[in-house]
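Data first, discussion second: the structure below is written as structure tokens.
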Amino acid sequence: MEICCTVTLKPPEDSELLQFPSVELARLQAEAMGIPSIYAEGKEELLEDLLKKAKEMGATHVVSGALLSDFQRQRMGLTARRLGLIPVNPIWRINQEEYMRTLVRNGFKFILIRVAAYGLGPEFLGKVVDEEMIEEIIRRARKYGFNPAFEGGEAETLVLKAPLYKRELEVEGRIVSRGGGDWVYVIEKARLK
């Protein structure tokens, strides 16, 4: 498939459908890939308008990263179909542990920017995830019962470099507690290098 654009909606608060922390950096990620970005901030209802814009730019399919959440997959699928777009979920129901291992092996460079599960603490935030960290996350997921790919919102990630990127995202931030075991790596500076 040829990618015509990225579509990103930053919700006004935590969402069951969309990631919230540092979503505005999706525009830099699109720039790193050399493709246009459709971006807005607001309620989930805006998603349909954003997908309409993508269709106007030539989109025929909508690819989402849903791994396990029926809610996310169905919501994206219904919205796409209503607009005459074909939903694609390439990583749907794959083995979560192997998925995480494969990301690192295939050259994805990413950090955790939020942790909100018993067994995950602020020590994981802001560090590039490597094979050793993946194995520790998997070990803790098995021990504490959270999803190792964070599909239930146990953590959020930010991709700094991926095979499609022509440039790498560089960030600086600080760790902030949201209370109750919910920690965020607040990005204060971000640029492409």
Could you tell me the relative contact order of segment 1-93? Use alpha-carbon pairs under 8 Å, at least six residues apart, and round to a whole percent.
27 percent
Loop-resident sites, segment 127-184, for trypsin sites (Lys or Arg not before Pro), counting at most 12 other Cβ within 10 Å (DSSP):
127, 166
Mean separation of Cα contacts under 8 Å, 6 or more apart, over the residue count of the chain: relative contact order %
21 percent
Set Lys and Arg Cβ to +1 and Asp and Glu Cβ to -1, take the dipole of segment 52-193 about its Cα centre, and tell me which of 134, 108, 60 lies farthest positive.
60
Label residue 40 and residue 105 with points 7 Å out from Cα along Cα→Cβ: what is the distance between them in nm?
4.0 nm
Count neighbours as other Cβ atoms within 10 Å of each site's Cβ, and list the trypsin sites (Lys or Arg not before Pro) in segment 1-103 that are DSSP loop with at most 10 such neighbours.
93
Count of lysine pairs, segment 95-193, Cα-Cα under 21 Å, sep. 8 or more residues or interchain, comes to 12
Counting only DSSP beta bridges fully inside segment 7-133, the antiparallel percentage to nearest 5 is 10 percent
What are the GluC sites (Glu not before Pro) within segment 152-181 that DSSP puts in a loop, where the Cβ has at most 16 other Cβ atoms within 10 Å?
168
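No lab work stands behind these numbers, since they all come straight from the coordinates. No experiment lies behind these values; they were computed from the predicted model shown. Glycine gets a Cβ as well: all are built from the backbone with ideal geometry, and neighbour counts include every protein chain shown.
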